[in-house]
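Colleague: Please see the structure below; I have some questions.
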Amino acid sequence: MSAISAAERTRLEQKFPEVFKTSFLKRHGLIVALLATAAYLVFCWFFFNVGPALQNGKWDRASIYVQDWYSWRAQPRLRFGDDGVVTPQWSSRGQYPADATIDWLTPHADGSMTATFGSAADRLDITTRQVDVYLNGEVWPVTITADAALAPEGAPAAIQQDRQKVVVDFGFEGQAEIRANQVAVQRRFFGWANFLYDPTSPLWGNDLFSSIGLMLSGDRVNPDMSNAQYVLNQWLGNKAWQHADILVKLFQTLVMAFVGTLLATLIAFPLAFIAARTITPSGAANWGMKRFFDFIRSVDMLIWALFFTRGFGPGPIPGIAAIFLTDTGALGKVYAEALENVDDKQREGMKSVGASPMAVNRYGVVPQVLPVFVSQSLYFWESNTRSATVIGAVGAGGIGLKLLESMGTNSDWDKVAYMVLLILLVVFLFDNMSNAIRSRLIGSNT
């Protein structure tokens, strides 16, 4: 390909100056944007003290919380009696029935006790005078005095003296704190403890498959009801996991999202016609309605939830009201913009045959914007399913409040994981449902 002459180049520059004389931003805009973004991130790093925050973060505690999502901890306190007997004491959440045989916690005839962590090579042999710590089969005796527990000389890093107690780390299997009067044990297992039935249930100890087999069995456990109903009642009545209460709160969240979005759609629909300047010729009405939409949507849904919770008390009503107000403003703005961009040919055709303004809007405008309106409402409904969880945490009812309660105990992170998975499942189902409806309305996948 031959180069053009200087005269030809001059002629082209004069004819197409916008091609040859582009601005600086058009030529180097991408590089400038990347440099500005990098400079902004550096500014944020120092302004928000990200480095010190990462350095001072309690990562060990965070890892424990993450482990609590997919595993559970048995936490007995093995107390030393004056008679030389070691007695286990369980927390109020106790994961075992009072008379249960615990395979990893073995009492002995002489009053001592053995706590096993994974295998016999990692265990504690506990007496009131000495605790023998076995790590990979090697024993390290911890001496018990009247005031403290004393770690042995030359102990490995897994055995640490912490003031008057000794902390033993067995990795994922758990840990133990040896004190002068007790050994606090944390024994960790994969899964969720007592997810099907609590320790007070007659069905405690049955797994999923044995429960299904019981449901299909012909011999009734309870003569007053079928086995399927009995299993379901025992599962819903689980005192540790509170399945019935969680499912009711989840349904309450869905109702909040649906009713709030529905009311917002019904109110925003007629108000959008007033806000659209192509529909309502009054500039004052257009301006006033758009500012009204701006006001109610500029106040965050969480703020509205706090406001209504103070007025009506905790429950789903404040949540519905918060979603309704916020979505009325947002949907009203979206609807008005859609109305201002309709094709005027259909309206002009209706006017040419003498149709009334109501009929013009009904048959010339609504058919054009209705799929968009429904699509936007479905999207907001799907989004509000997630938002209703957040506003529930401030007292607006639903599963969000239950989620906050479980987080507040600092020991129910497995229950938090359970509720998060339920929320994700519901959001996934509603997302696919709304996508299917939208695709039918507008004729293509969204």
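Colleague: So which residues in the stretch 263-284 are of a type in the set (A, V, I, L, M, F, W, C) and either touching a residue at least 60 places away in the same chain (Cβ under 8 Å) or in a loop (DSSP other than H, G, I, E, B) (or both), if there are any at all?
Modeller: Leu263, Ala264, Ile267, Ala268, Phe269, Leu271, Ala272, Phe273, Ala275, Ala276, Ile279
Colleague: Can you pull out every residue in the stretch 286-301 that is part of a helix (DSSP H, G or I) and over 13 Å from Ala321 (Cβ atoms)?
Modeller: Asn286, Trp287, Gly288, Met289, Lys290, Arg291, Phe292, Phe293, Asp294, Phe295, Arg297, Ser298 - these are the residues of the stretch 286-301 that are part of a helix (DSSP H, G or I) and over 13 Å from Ala321 (Cβ atoms).
Colleague: What are the residues in the stretch 168-188 that are in contact with a Ser or Thr (Cβ under 9 Å, 6 or more places away or on another chain), over 17 Å from Arg129 (Cβ atoms) and among the hydrophobic types (A, V, I, L, M, F, W, C), if any?
Modeller: Phe172
Colleague: Quick one: in the stretch 423-446, of everything that is open to solvent by 80 Å² or more (accessible area, probe 1.4 Å) and not in a helix (DSSP H, G or I), which residue is modelled with the lowest pLDDT?
Modeller: Checking each candidate, the answer is Thr446.
Colleague: Okay, next question. Within the stretch 35-55, identify whether any single residue is at pLDDT 75 or above, open to solvent by 80 Å² or more (accessible area, probe 1.4 Å) and within 30 Å of Gln186 (Cα to Cα), and answer yes or no.
Modeller: yes
Colleague: Consider the stretch 232-278. How many of its residues are open to solvent by less than 10 Å² (accessible area, probe 1.4 Å) and either farther than 30 Å from Lys290 by Cβ or touching a His at 6+ places or on another chain (Cβ under 6 Å) (or both)?
Modeller: Within the stretch 232-278, residues that are open to solvent by less than 10 Å² (accessible area, probe 1.4 Å) and either farther than 30 Å from Lys290 by Cβ or touching a His at 6+ places or on another chain (Cβ under 6 Å) (or both) number 5.
Colleague: Which of the residues spanning the stretch 70-92 are in a loop (DSSP other than H, G, I, E, B), touching a Gly at 6+ places or on another chain (Cβ under 8 Å) and surrounded by 11 or more Cβ atoms within 10 Å (Cβ to Cβ)?
Modeller: Listed by number, the residues that qualify are Gly81, Gly84, Val85.
Colleague: For the stretch 283-305, what are the residues that are over 18 Å from Phe269 (Cα atoms) and surrounded by fewer than 17 Cβ atoms within 10 Å (Cβ to Cβ)?
Modeller: Gly283, Ala284, Ser298, Val299, Asp300, Leu302, Ile303 - these are the residues of the stretch 283-305 that are over 18 Å from Phe269 (Cα atoms) and surrounded by fewer than 17 Cβ atoms within 10 Å (Cβ to Cβ).
Colleague: Going by what's in this entry, would Pro17 be described as modelled with pLDDT of 80 or more, on the phi < 0 side of the Ramachandran plot, open to solvent by less than 100 Å² (accessible area, probe 1.4 Å) and not hydrophobic (A, V, I, L, M, F, W, C)?
Modeller: No, not satisfied.
Colleague: Given the options Leu378, Leu370, name the one that is in a helix (DSSP H, G or I), open to solvent by 30 Å² or more (accessible area, probe 1.4 Å) and either touching a strand residue (DSSP E or B) at 6+ places or on another chain (Cβ under 9 Å) or not hydroxyl-bearing (Ser, Thr, Tyr) (or both).
Modeller: Leu370
Colleague: If you go through the stretch 169-178, how many residues are closer than 18 Å to Phe80 by Cα and surrounded by fewer than 17 Cβ atoms within 10 Å (Cβ to Cβ)?
Modeller: 1
Colleague: What is the residue count in the stretch 185-199 for residues that are farther than 16 Å from His243 by Cα and open to solvent by 20 Å² or more (accessible area, probe 1.4 Å)?
Modeller: The total comes to 4.
Conditions (1) under 30 Å from Leu404 (Cβ atoms); (2) hydrophobic (A, V, I, L, M, F, W, C); (3) touching a strand residue (DSSP E or B) at 6+ places or on another chain (Cβ under 6 Å); (4) part of a helix (DSSP H, G or I), marked per residue:
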position	(1), (2), (3), (4)
Asp147	no, no, no, no
Ala193	yes, yes, yes, no
Ile212	no, yes, no, yes
Ala244	yes, yes, no, yes
Lys249	yes, no, no, yes
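Colleague: For Val166, state whether it is outside any loop (DSSP other than H, G, I, E, B), in contact with a strand residue (DSSP E or B) (Cβ under 8 Å, 6 or more places away or on another chain) and touching a residue at least 40 places away in the same chain (Cβ under 8 Å).
Modeller: In short, no.
Colleague: Also, I was wondering about something else. Looking at (1) in contact (Cβ under 8 Å) with a residue 40 or more places away in the chain; (2) more than 42 Å from the chain's Cα centre (by Cα), find the lone condition where Asp147 falls short.
Modeller: (1)
Colleague: Then there's this: For the stretch 198-205, does any single residue satisfy the condition of being modelled with pLDDT of 85 or more and part of a helix (DSSP H, G or I)?
Modeller: Within the stretch 198-205, not a single residue is modelled with pLDDT of 85 or more and part of a helix (DSSP H, G or I).
Colleague: When you go through Gln67, Gln95 one by one, which is the residue that is at pLDDT below 90, closer than 26 Å to Leu196 by Cβ and not in a loop (DSSP other than H, G, I, E, B)?
Modeller: Gln67
Colleague: Within the stretch 200-225, can you find the residues that are closer than 24 Å to Asp99 by Cα and open to solvent by 50 Å² or more (accessible area, probe 1.4 Å)?
Modeller: Thr200, Pro202, Trp204, Gly205, Asn206, Asp207, Leu208, Val221
The values are calculated or read from the model by the stated rules, or taken from the named source; none is laboratory data. Computed from a predicted model, the values in this text were never measured in an experiment. Note: ideal-geometry Cβ built from the backbone for every residue, glycine included; neighbour counts use all protein chains shown. Keep in mind that these areas ignore ligands, DNA and RNA; they rest on the heavy atoms of the full protein, side chains included. Shrake-Rupley method; radii C 1.70, N 1.55, O 1.52, S 1.80 Å.
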